[in-house]
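Peer 1: Let me give you the structure first, and then I'll get to my questions.
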């Protein structure tokens, strides 16, 4: 399979781009990946790149983005940071990906058993990690629990709920803090979706 070109990228719609991600995840789950010559795709992309989607995800080593979406070289942009939260540098990267490079989907993807989220739930403090985890605290504080229910990393349901809420907050921040991406969204040039990856099954579920 050849890498995307300017023409094949342009032919993809917002919906078909999202479908391509989700269909790729299903191929991954079915153990039926597309046969690709990755070295050939390196040659294809040596003079340009035309990714159809951008994925903001966690740095977690269990989530190799191209693998779980069964994509090749030059297919998707990756922005990865522990806890998949938004900051100015991530926003700038996504603006480049969509406005300048033609990406049609932004997927913010959290995951189950997220170490960064667990750290935020436990109010962990360690060097620069402390200020980083503070950015996840709005999600921790937004998730309600029953009286007496643990609100720390020992409660996996709470951790995963915080991860999902963190995705929702990130999407809201993209719309609020990036007029460039908000305009593209309003004009139908891109879509912004949230998702959760299950580290136990490999399945990506849209939120």
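Peer 1: Between a residue in the range 97-122 that is at positive phi and touching a residue at least 60 places away in the same chain (Cβ under 8 Å) and any residue that is assigned to a helix (DSSP H, G or I) and surrounded by fewer than 24 Cβ atoms within 10 Å (Cβ to Cβ), which pairs come within a Cβ distance under 6 Å, given they are 6 or more apart or on different chains?
Peer 2: Pairs that qualify, where the first residue is at positive phi and touching a residue at least 60 places away in the same chain (Cβ under 8 Å) and the partner is assigned to a helix (DSSP H, G or I) and surrounded by fewer than 24 Cβ atoms within 10 Å (Cβ to Cβ), are 102/9.
Peer 1: Limited to the range 61-71, what total is found for residues that are crowded, with 19+ Cβ neighbours inside 10 Å and in a loop (DSSP other than H, G, I, E, B)?
Peer 2: 4
Peer 1: Right, next: Would a scan of the range 176-184 turn up a residue that is under 29 Å from residue 99 (Cα atoms), within 17 Å of the chain's Cα centre (by Cα) and loosely packed, with under 13 Cβ neighbours inside 10 Å?
Peer 2: Among the residues of the range 176-184, not one is under 29 Å from residue 99 (Cα atoms), within 17 Å of the chain's Cα centre (by Cα) and loosely packed, with under 13 Cβ neighbours inside 10 Å, which makes the answer no.
Peer 1: So which residues in the range 135-157 are surrounded by 14 or more Cβ atoms within 10 Å (Cβ to Cβ) and either in contact (Cβ under 8 Å) with a residue 60 or more places away in the chain or closer than 22 Å to residue 81 by Cβ (or both)?
Peer 2: Selection gives 135, 136, 137, 138, 139, 140, 143, 153.
Every residue, every condition in (1) touching a strand residue (DSSP E or B) at 6+ places or on another chain (Cβ under 8 Å); (2) more than 26 Å from residue 194 (Cβ to Cβ); (3) exposed (fewer than 14 other Cβ atoms within 10 Å of the Cβ), yes or no:
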residue: 5; (1), (2), (3): no, yes, no
residue: 8; (1), (2), (3): no, yes, yes
residue: 13; (1), (2), (3): no, no, yes
residue: 20; (1), (2), (3): yes, no, no
residue: 25; (1), (2), (3): yes, no, no
residue: 30; (1), (2), (3): no, no, yes
residue: 36; (1), (2), (3): no, yes, no
residue: 39; (1), (2), (3): no, yes, yes
residue: 42; (1), (2), (3): no, yes, yes
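Values in this text are rule-based calculations from the coordinates and carry no lab data. Since the model is a prediction, treat every value here as computed from it, not as a measurement. Cβ sites come from the backbone with ideal geometry, for glycine too, and all protein chains shown count toward neighbours.
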